[in-house]
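Heads up: the structure comes next, in structure tokens.
The values are calculated or read from the model by the stated rules, or taken from the named source; none is laboratory data. This is a predicted model, so every value here is computed, not measured. Cβ sites come from the backbone with ideal geometry, for glycine too, and all protein chains shown count toward neighbours.
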Amino acid sequence: MEQFEIKRIIPLELFGWDISFTNASLFMVLAVVLIPLFYLFAMNRRALVPGRLQSIAELSYEFIANMIKDIVGEGGMKYFPWIFTIFMFILTVNMLGLLPYSFTVTSHIIVTFALAAMVWLVITAIGFMNHGPGFLKLFVPSGVPFWLLPIIVVIELISYLIRPISHSVRLFANMMAGHAMLKVFAGFVVGLGVLGGWAPLVFLVGFTGLELVVAFLQAFIFTVLTCIYLNDAVNMHEH
Amino acid sequence: MIAAVSALVVAAAAAAHGEGSSGLPQLNPANFAPQLFWLAVSFVILYLILSRSTLPRIGEVLEERRDRVQRDLDAAERFKGETDSALAAYEKALADARQKASSMAKDVRDRLAADTEAERNRVESELAAKISEAEARIAATKSKALASVDDIAAETATAVVGKLLGEDVSPAEVKNALQ
């Protein structure tokens, strides 16, 4: 499991807290550098008829914009930069994690949980800001017989409170399992040597392709779920 | 996924056994603080860069393109309108010209018909005049001829009588005898 090991590159401390610059920090910072650099480069010419890179940049913009418009509606476009940042950050760290000898930031539950908790807190705040105490009606679905209400409200409340956990564990488990699998089969390739190593190597090539899909898909799912939660906060049960 | 997770569990157990470490590095609380700190820092910085600079730039380009396409569409619409009105004007001009041509043709036809009619009338009256003149001349000739018949008869009679009688007879006598 040493591929998930946190290595302190520059040990740092702030008010008694350990804030060492680790390999995880390195890949987070790398994402923060690479994403704006890519867009700076891609949108450099601001061409009316976009080239390849500019098309990718515009495609990613419209992909997230359309996702928000489809799920939340125009009211969700206020939060577009935030959702876009979530998607690009997760996508980039997932993809960077697939490079050999790299580190996958999202294979640590604390990171995905922190992201999910941020989403949960921000969206709950948006809900109360938009609807005031009326946001609590989210837990009281309309059209439910009143004798069922106590059970339903409790279930709704639990499912709401559990959101950050399901939200974060999904991303974490997928990224970790995928990378562990890659590691295990890479170990087989070395272990079986030149004669027997080909079979796991072929599998590994296919599996790496699958992991690329998973890396994108999990970033996408995390973002879609964020949009769905945001829809609750912006529109409540109107939709 | 289930296969992946079970493989993961096996691998995790093996790792825990083999290296003698305290299980998954993910569950080591000592690693939480630095990760949370750097996650917060990098996410906030990324959010600020994207929301302040990158996304508005892309939005601007997309907006510009949408405006441009809209402008082009509007221009095309305008040109189409102009073409339509030009076509209508052309068709109107064509219809006018056709009408004018037909009225001109009618005029010419009428005038020619009138001319022909006048010419015919003139020729007819001329012919009538000639005919009447000819008739008058014939009548005159006829009456003159008729008038000459007496003289011829008298001459002939004179000649016949002279031959018969063997002596000259004066025409006046013959004339008298004939009347």
Scan region A:93-133 for residues that are surrounded by fewer than 17 Cβ atoms within 10 Å (Cβ to Cβ) and over 19 Å from residue A:228 (Cα atoms) and report the count.
5
Of A:203, A:172, A:188, which residue is modelled with pLDDT of 85 or more and aromatic (Phe, Trp, Tyr)?
A:172
Does any residue in region A:104-115 that is more than 7 Å from chain B (Cβ to nearest Cβ) and within 14 Å of residue A:25 (Cβ to Cβ) come within less than 8 Å, Cβ to Cβ, of a residue that is among the small types (Gly, Ala, Ser) and crowded, with 24+ Cβ neighbours inside 10 Å six or more places away or on a different chain, and which pairs are these?
A:105/A:24
Can you name the residue in region A:158-216 that is of a type in the set (Gly, Ala, Ser) and surrounded by 14 or more Cβ atoms within 10 Å (Cβ to Cβ) and, of all such residues, is farthest from the chain's Cα centre (by Cα)?
A:197
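Working carefully through the options A:68, A:86, A:9, A:90, find the one that is surrounded by fewer than 20 Cβ atoms within 10 Å (Cβ to Cβ) and either of a type in the set (A, V, I, L, M, F, W, C) or part of a strand (DSSP E or B) (or both).
From the options A:68, A:86, A:9, A:90, the qualifying one is A:9.
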Quick count over region A:140-174, residues being of a type in the set (Phe, Trp, Tyr), without any contact (Cβ under 8 Å) to a residue 24 or more places away in the chain and either touching a Pro at 6+ places or on another chain (Cβ under 8 Å) or closer than 22 Å to residue A:122 by Cα (or both), is 1
Kindly indicate whether residue B:43 is at pLDDT below 80, over 29 Å from residue A:204 (Cβ atoms) and assigned to a helix (DSSP H, G or I).
no
State all residues of region A:174-203 that are in contact with a Leu (Cβ under 7 Å, 6 or more places away or on another chain) and more than 11 Å from chain B (Cβ to nearest Cβ); if no residue qualifies, say none.
A:186, A:189, A:200
Just give me the residues in region A:26-83 being within 9 Å of chain B (Cβ to nearest Cβ), more than 20 Å from residue B:46 (Cβ to Cβ) and among the aliphatic types (A, V, I, L, M), in sequence order.
A:47, A:48, A:49
Read through the list (1) modelled with pLDDT under 70; (2) surrounded by 15 or more Cβ atoms within 10 Å (Cβ to Cβ), then give the number of the only condition that residue B:61 fails.
(1)
Under 9 Å between Cβ atoms, which residue pairs at least 6 apart in sequence (or on different chains) link something in region B:58-87 that is without any contact (Cβ under 8 Å) to a residue 24 or more places away in the chain and in a helix (DSSP H, G or I) with a partner that is among the β-branched types (Val, Ile, Thr) and loosely packed, with under 10 Cβ neighbours inside 10 Å?
B:65/A:49
Of those in region A:195-239 that are part of a helix (DSSP H, G or I) and among the acidic types (Asp, Glu), the residue farthest from residue A:106 (Cα to Cα) is A:232
